[in-house]
Structures are given as structure tokens and as C-alpha cells.
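A quick write-up on the structure given underneath.
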Amino acid sequence: MTDASLHGAAPRKGRSIHQIDARTRRRNATEARFKACGIAAIAIGLFFLVVLAVAIIRNGTPAFTRTVVEVNFTLTQAQFDEAESQLFKTKAYSGFFNSALADQLTQQGIEVAFDEASIERLMGKVGNAIREHYTAHPGDLDAPVTFNLPTSSRVDGYFNGRVKRETLQDSRFLEATDLDLADQLKAAGIIKSEFNWPFITGADSGVDNPGGAGIGASVVGSFFMMLVVLGLSLPIGVAASIYLEEFAPQNWITDLIEVNISNLAAVPSIVFGILGLAVFIQFMHLPQSAPLVGGLVLTLMTLPTIIISTRASLKSVPPSIRDAALGVGASKMQAVFHHVLPLAMPGILTGTIIGLAQALGETAPLLLIGMVGFVARGYPDGFLDGFVEPNSAMPAQIYTWAARADQAFYDKAWGGIIILLIFLLTMNIIAIILRRRFERRW
Amino acid sequence: MNDMRPMERKVDTKEIKFDCRNVQVYYGDTQAIKNVDVKLEDRTVTAFIGPSGCGKSTFLRCLNRMNDTIDICRVEGNLLLDGEDIYDRRVDPVQLRAKVGMVFQKPNPFPKSIYDNIAYGPRIHGLARNKADLDDIVEKSLRRGAIWDEVKDRLDSPGTGLSGGQQQRLCIARAVATEPEVLLMDEPCSALDPIATAQVEELIDELRENFSVVIVTHSMQQAARVSQKTAFFHLGSLVEFGETGAIFTNPKDPRTESYITGRIG
Ligand SMILES: Nc1ncnc2c1ncn2[C@@H]1O[C@H](COP(=O)(O)OP(=O)(O)OP(=O)(O)O)[C@@H](O)[C@H]1O
Ligand SMILES: [Mg+2]
């Protein structure tokens, strides 16, 4: 505007808007550069996301399949009694299994040579599993039963591509000839791959049995922890934020509280873990490794997040709504609960779910209060027991698996990450749905 | 419409509704209202006029203690409603605001249905015994707010979906629904077209029979049309207060004169 008068240049009238002047061109160039930067940033972000997703899926899928040996098997009462009377009971069952396998192969007309030792290398000690089945289900005696017995983790790894024939060194665990046997059995349809349900539903196994490890028990542990976190942090967080935001006088005390809450949100989680160990377990004598304690610790961690997001969404409600309510003679409390809170609800819920998701993925504090992976050996007996019985949680379980020496556990860790991510995604989707639902109420 | 001469009005003495003595209002350290003494009569429309930022809204908000919501705001002096000090310790501002309703400068309907906007006040004050009662109150209030015909078919749709002028009339209807004794209106017509303005002015005139109305306005014509008393504020002080006719035809203070003739403000 001032150009013309400043430089005394040609009058405005003579300037064509079809000609782009230098200043506009520079401005447009800056804008274009900024846009390019933004797109590049997004592209980089997407690239890493894709790399991550591919890595997780590629490494994690083997955990969801398992290799089993399928054998039709009939055990008579007489054989059962005979085996039970022997000193090495499981060895007797292994013998039955081997002869059943041999029978099946001859029936199918396939020539495969195997011995007891190679079967043991292929599948571990099968006798135990068979004995357990028949002692638990005596009704199955004298009737044909199909067993799907898992192979050893190395054979599993062979079919998954983790164990390579070229790099295999003969050991007492697996020899190259065993792989030939495995290939033959696979061709005969006796060794097959199936979906690994025990991984989803099972509990952690010992360090020597990666094939049997499942994440189900720690999912339950995480679930009970989340119940505690939700039940405590949502009401406490929302009540605290409403008080601070709507009722508390603005003075140095509230300022101090505000600063402390913000700082609390930045405290590393391991600090909360050691606090939980000292206060909840050593001082209050709550049970170790219990989801209740884990939930309490995570509540401490989640509270600042919820308070901050709730206060932000309360702040974003226009003050004119409060004025309107007060103006028709509503009390402060009525104004908040009838008008402000419903409007802040989407923000509060999103904040809460983000806080919960954070808590769900938290590992360090759980390790300190004893919720390590190997504790998750089974399911709780009842709903209330779920809170106090020793258990682990998904991320702690994953950490424990990843730290174990056996390569097969490494696959399990990746598989566990997929499960964890599925839960996180579900929670985010719930957050989005809730947000939509509440926002529709203007 | 542009006639600046106020109509001749009967002047009869009325009871004093609000007796304000020596009122000072501070926002932190700055004084927004200085030494205001004014007596607002019952069943009268009083107009507050004055240039922008002179403290009209601030003073208006003192009358129903809306200033309590502003932390840094401090009110001194005595404000007596029917002889009772409204800043007394014993006064619950909630009870006061049920008696002294308010319409704000910017329309601020609740983000709820039109029906609920009106019904909210009567509900929390227990003014309706049953649904039919409440329906009556809603209809009566919307009629008084001169908006019934426009919304009677969509009482369930959101109040925030109305146009600005409709929203303001909804807010007026909401304020009268609780049957206040005093109605404070802060520039209620600044978003309205001439027809809606005329309707609101008619409403104000009608409300005068039962309530006292205090209206802040930037329109001299409006002040002249609807009010019986006019108060002119300038830089936080009450410069002149008196019969509307007298203020507009024969202002005593030179500042008032230059304001109403358009030289300051
Ligand atoms: N919340 C507040 N905090 C601090 N100062 C304020 C606040 N509200 C108003 N003021 C100050 O008080 C003075 C009077 O403001 P007020 O809103 O009462 O003016 P007004 O006469 O209503 O103006 P307008 O006609 O523009 O609405 C102004 O100087 C303003 O800056
Ligand atoms: Mg104002």
C-alpha cells in the first residue's frame, strides 16, 4: 500500500494484476518451500512407520504359527496300566507313541527310518504330554485320539526359516539327519503348521520351552491393571482438574500445584516404580507382583496426564457458557456439571484413553515391583483374585522373553508386540469413536 | 425511526429497586468504575449509554454479581436491592441471579436444544410442577422473546444452530423464563436486524410492567425509544443521570451533549 507513495513509483492504476511482482514471487516461493518441507517431514515419518510395521509383522508372525506332529493314537487300558506300573513311566508312553507313529507311516505306505532318539530331538519328551492327557481324561482310553504334539522349538524354527540347514551344527539337540526326517514327515502330512492358539491363550513357560510360551496370562494381568488405573485415575483426575480449573482461587498455592503436576508428568516411570516398591509393597505390605500394585503405580503415572488433558479441555469450553448458566441462576456446580463437563467430555475421554494406552505400554515400573514375565504362570482363580495373584503384564512379558537366551523366545517377543499393538490400536479406535459420539451432542 | 426526539412520557414516582451508593470497581489496580451513585426505579427501563470502554458492562455486571467470576475484580460501595445489600456476606449470588437476570452482549445459547435452553432455568429453580407446565413456560418465554414463530416447529434442534439474531432472542427468552424481577441487558440488539430490534424493544416495553429493565446500548435512538431514565457514563464515572427526555433534549453536562451529538465516543 505504502509502496507507491514511498518510492514515488508509477501510480497504482498502471499496475497489472496479471504480472506477478518480485515481492509476491518471493512470498510464493517461501510458501512453496515450506510446503515441501512439511511434505518431506510427513514422508520421513511415514517411511519410519512403514519400516516399523514391516519389521514387526515379519518378525512377529512366526510366533502365531506352530509346527505340530499329528498322530492318531489309541491307548488301551492294558497299556495304560502297564505303563503306570513301570519305573520310568513317561518312557513307556514315548515307546507307545513311537510304535503308533511307525504304524501310521506303514499304513500310509511311506518308508521313513527313525529311531527313538531322533524323535526325542524332534519333539522333546512326548511321553509326558501323553501321560498327562490320559490321566486327565481316562475316558479316552481304548478310543482313537488324534494328538497334535508341538515339535521342538528348533524344528519349529527350521520350518519358520529361523534355523538354517547350512548353518546347523550337529548337537545333542538337533542333527542334520533329523531335518531330513522332519522334511519326510512334513511331506507325509504328519508334521503340519497350524495357528498357535496356545500363544494367545497360554501362560509363560520355562526358559527351556519356548514353544509352550503364551501371552494370555499377562494379557489378563494387564487387563486387571488397566481396571485399577481406570477406576482410580479417571475419577481422581477429573475431580482434581474440575476443582483446580473451576473452583480453586488463583493464588500461589494453586500455581505451585499446577507446576508440580506438570513436573510429575515428566518424571521417568522408573521413579514411580521404586516409589511403588517402597510405599505399596515395603510399607503397606501389599502383595508383590500383584496387578493391584501395578495398577496403583501406573495410576500415579497416569494421573498427571489425565489432569493436564482434562484441564485443557475444560479451559477450551468458552467462558460465555459459564456466564450463561450463572446468568440464569445456576450455581457454579450446576454450571460445571450441566454445561461445561458435557462439552469437555470428548477431550477428557481422549486424554484418559491416551493415558491408559501409555500405562498399558509401561514396563520399567512393573519390573521393579516384581511383575516380571516368568511370574505369569497361569490364570487367576477368580475375578477378585485377578487383582492380587502374582501376574505379569504384556510389556514386562515381552521384555522377559526378549532377554532370554533361546532365539525362539525372540520370535515370541515380536509376537507379543503385535498383540500389544493390537490392544493399543483398539483403545485408540475406542477413543475416536467415543469422541465422535460425544461431539455429536454439540 | 431516526427521530431523536423522545416521546412525552408521564413521570410518576416509583419505588427504588436498586440503590447504588459510592460504587467503585477495580480490575486489579486499575479502577473501572469511580464513585457511581445511582437509584434505579422499579418498573422502569433505564438505559446506560457512553463511549466504548467507559464501564457500562462492568457496572451492569455488578448488579447481579457476575463480576464475582472475574478473579481480579473488586467491588466497593453499597448496592442495595430492595434495601438489602447484595454484596452482604449472607447473600448467595445464585439466589440473587435468579432475581436479577441477564442477557449478555454476545449471544450465548447453551449447546442444547432450543427447548432445553429455555427450560433449564425453570427446571433448576423448580418453577414447573410438570411437563405441561414447563411446556407452557417455554412457549410463553419464546413468545416474549419474539422468536416463537420461527422456532416452534424445531424446538428439538440445537440453539447454537440459529442465526446470531435468533440466538440473541433465544437468550432473552431464556432470561425471562426464570421470571426475574430485574432484567439486565448488555447491548441485546447489537446483532439484530431492525425488525427483530423493534420486536425486542416492544418486549422491553412490555417487561416494564412487571420488571425493571436496565439496558446498555450504543444506539441513541434506542435509548430514546425504550427508556424512561438514562445514565451517561464516561471514563468510569456517571456523568449524568435523569429523565431520558431531559438528557436528550437538554443535557446539563457538556460531555453528555457532545456524546449524544456524536462528537465523542
Ligand atoms: N475482565 C477484565 N479484566 C480487566 N479489565 C477489564 C475487564 N473487563 C473490562 N475491563 C476494563 O474495564 C473498562 C470498562 O470495560 P467495560 O467492558 O465495562 O466497557 P463497556 O462500557 O461495556 O464497553 P463496550 O461499550 O465496548 O462494551 C475497560 O477499560 C476494560 O479494559
Ligand atoms: Mg460492554
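The values are calculated or read from the model by the stated rules, or taken from the named source; none is laboratory data. This one's a predicted model, so the numbers in the text were calculated from it and none came from an experiment. Because the Cβ atoms are built from the backbone with ideal geometry, glycine has one as well, and the counts that use them run over all protein chains shown. These accessible areas exclude ligands, DNA and RNA; they are computed on the full protein's heavy atoms, side chains included. Shrake-Rupley method; radii C 1.70, N 1.55, O 1.52, S 1.80 Å.
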Inside region A:331-342, the number of residues satisfying the requirement of being surrounded by 19 or more Cβ atoms within 10 Å (Cβ to Cβ) and either among the polar types (S, T, N, Q) or more than 8 Å from chain B (Cβ to nearest Cβ) (or both) is 3
So, in region A:305-330, of the ones that are in a loop (DSSP other than H, G, I, E, B) and within 10 Å of chain B (Cβ to nearest Cβ), which residue ends up nearest to A:L234 (Cα to Cα)?
A:V317
Across region A:38-88, what is the total count of residues that are of a type in the set (A, V, I, L, M, F, W, C), at pLDDT 85 or above and in a helix (DSSP H, G or I)?
20
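When you scan region A:369-397, how many residues do you find that are of a type in the set (A, V, I, L, M), open to solvent by less than 60 Å² (accessible area, probe 1.4 Å) and under 17 Å from A:L277 (Cβ atoms)?
6
Per-residue answers, yes or no, for (1) at positive phi; (2) of a type outside the set (G, A, S); (3) crowded, with 17+ Cβ neighbours inside 10 Å; (4) in contact with a helix residue (DSSP H, G or I) (Cβ under 6 Å, 6 or more places away or on another chain):
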position: B:L80; (1), (2), (3), (4): no, yes, yes, no
position: B:D88; (1), (2), (3), (4): no, yes, no, no
position: B:V94; (1), (2), (3), (4): no, yes, yes, no
position: B:F110; (1), (2), (3), (4): no, yes, yes, yes
position: B:D116; (1), (2), (3), (4): no, yes, yes, no
position: B:R143; (1), (2), (3), (4): no, yes, no, no
position: B:R154; (1), (2), (3), (4): no, yes, no, no
position: B:V176; (1), (2), (3), (4): no, yes, yes, yes
Scan of region A:134-166 for residues that are basic (K, R), surrounded by 15 or more Cβ atoms within 10 Å (Cβ to Cβ) and in contact with a helix residue (DSSP H, G or I) (Cβ under 7 Å, 6 or more places away or on another chain), ordered by number:
A:R162
Would you list the helices (runs of 4 or more DSSP H) that sit entirely within region B:84-189 and hold 3 or more residues that are more than 10 Å from every other protein chain (Cβ to nearest Cβ) and at pLDDT 90 or above?
B:114-125, B:131-144, B:148-151, B:164-177
If only one of A:A113, A:A129 is outside any helix (DSSP H, G or I) and closer than 21 Å to A:V155 by Cα, which one is it?
A:A113
In the list A:A117, A:A63, which residue meets the criterion of being touching a residue at least 12 places away in the same chain (Cβ under 8 Å) and under 26 Å from A:F173 (Cβ atoms)?
A:A63
Is it true that B:N64 is over 23 Å from B:R143 (Cβ atoms), at the interface with chain A (Cβ under 10 Å from one of its Cβ atoms) and open to solvent by less than 10 Å² (accessible area, probe 1.4 Å)?
yes
Kindly indicate the residue of region B:32-56 that is surrounded by fewer than 17 Cβ atoms within 10 Å (Cβ to Cβ) and in a strand (DSSP E or B) and also farthest from ligand 1 (Cβ to nearest atom) among those meeting that condition.
B:K39
Among the residues of region B:44-76, count how many are within 14 Å of ligand 2 (Cβ to nearest atom) and hydroxyl-bearing (S, T, Y).
3
Pairs with Cβ under 9 Å, 6+ apart, first in region B:176-202 and under 17 Å from B:K17 (Cβ atoms) and more than 16 Å from ligand 2 (Cβ to nearest atom), second modelled with pLDDT under 85 and polar (S, T, N, Q):
B:E179/B:N210; B:E181/B:N210
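Criterion first (in a helix (DSSP H, G or I) and either crowded, with 19+ Cβ neighbours inside 10 Å or within 16 Å of ligand 1 (Cβ to nearest atom) (or both)) does B:E206 satisfy it?
no
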Can you list residue pairs whose Cβ atoms sit under 8 Å apart, with the first residue in region A:182-205 being within 18 Å of A:D103 (Cβ to Cβ) and the second being charged (D, E, K, R)? Count only pairs 6 or more apart in sequence or on different chains.
A:G189/A:E70; A:I190/A:E70; A:I191/A:E70
Picking from B:A231, B:A191, B:A246, the residue that is within 16 Å of ligand 1 (Cβ to nearest atom) and under 22 Å from B:E15 (Cβ atoms) would be B:A231
Failed item, numbered, when B:F59 is tested on (1) near ligand 1 (Cβ under 10 Å from one of its atoms); (2) within 14 Å of another protein chain (Cβ to nearest Cβ); (3) touching a residue at least 60 places away in the same chain (Cβ under 8 Å)
(2)
Of the conditions (1) of a type outside the set (G, A, S); (2) in contact (Cβ under 8 Å) with a residue 60 or more places away in the chain; (3) open to solvent by less than 10 Å² (accessible area, probe 1.4 Å); (4) within 30 Å of B:N117 (Cα to Cα), A:M345 fails just one. Which one is it?
(3)
